[in-house]
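Q: Just dropping this structure here.
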Amino acid sequence: MKKYVVGVLIECTDDEIKARQKQEADWVAGADTRLAEQHRLTRNNLLTKTDWTQLDDVPQTTKDKYKSWRQELRDLPQHSDFPNVTIPSEPE
């Protein structure tokens with residue numbers, strides 16, 4: 001049996017085609033896991049980037065502005081739709 005792979009015609013057995021289809025299905029099935037990991041990395045970077053907002057010498061208005069947003073970031077993995085969520089925008 002012949003099959004096109006990336007624009008090239010190659011000979012594949014039925015077993016090779018089934019194995020490739022399984023690999024593709026496994027990749028699709030892992031999409032949520034990859035998205036969750038990406039969201040966690042983004043969240044962690046945003047929290048690290050804004051740690052300064054909670055220091056003692058920062059004005060209370062700045063602390064308050066960032067406090068609830070930072071809590072939203074920490075709570076993302078517990079969201080019922082995680083990982084299909086939108087990362088909240090940083091306060092201005």
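The values are calculated or read from the model by the stated rules, or taken from the named source; none is laboratory data. Keep in mind that what you see is a predicted model, and the values were worked out from it rather than measured. So basically every Cβ, Gly included, is an ideal-geometry build from the backbone, and we count neighbours across all protein chains shown. For the accessible areas, the whole protein counts, side chains as well, though only heavy atoms, and no ligand, DNA or RNA atoms are used. Shrake-Rupley method; radii C 1.70, N 1.55, O 1.52, S 1.80 Å.
Q: So for the chain, if I pair up every lysine 8 or more residues apart or on another chain, how many of those pairs have alpha-carbons under 29 Å apart?
A: Step by step, the pairs that qualify in the chain add up to 7.
Q: For the chain, list log₁₀ I(q)/I(0) at each q in 0.14, 0.16, 0.25 Å⁻¹, using the Debye formula over Cα point scatterers of equal strength and ignoring solvent, two decimals each.
A: Taking Cα atoms of the chain as identical point scatterers yields -0.65, -0.74, -1.20.
Q: Toward the positive end of the charge dipole of the stretch 10-68, about the Cα centre and with charges on Cβ (Lys, Arg +1; Asp, Glu -1), which of Thr61, Ile17, Thr33 goes farthest?
A: Thr61
Q: Among residues other than Ile87 whose Cβ falls under 10 Å from its Cβ, what is the net charge (Lys/Arg +1, Asp/Glu -1)?
A: -1
Q: A further question on this structure: Given a 1.4 Å probe and heavy atoms of the protein chains only, how would you sort Asp15, Asp51, largest accessible area at the top?
A: Ranked from most to least accessible, the order is Asp15, Asp51.
Q: Rg and Dmax in Å for the stretch 49-92, alpha carbons only: what are they?
A: 12.0, 37
Q: What distance in nm lies between label points placed 7 Å from Cα along the C-beta direction at Glu24 and Phe82?
A: 3.3 nm
Q: Also, I was wondering about something else. Order these peptides, 67-78, 22-33, by their mean beta-carbon neighbour count within 10 angstrom, highest first.
A: Details: 67-78: 14.2, 22-33: 9.9.
Per-residue mean Cβ counts within 10 Å order the peptides as 67-78, 22-33.
Q: When the accessible area of the chain is split by element with a 1.4 Å probe, what percent falls to carbon and sulfur? Each step should come with its number before you reach the end.
A: Numbers: 3760 of 7050 Å².
In the chain, the share of accessible area belonging to carbon and sulfur is 53 percent.
Q: Another question about this same structure. With each run of n ≥ 4 DSSP H residues scored as -39500 (n - 2.57), what mean residue ellipticity at 222 nm is computed for the chain after dividing by its residue count and rounding to the nearest 500 deg cm²/dmol?
A: Here the helix-only value at 222 nm equals -18500 deg cm²/dmol.
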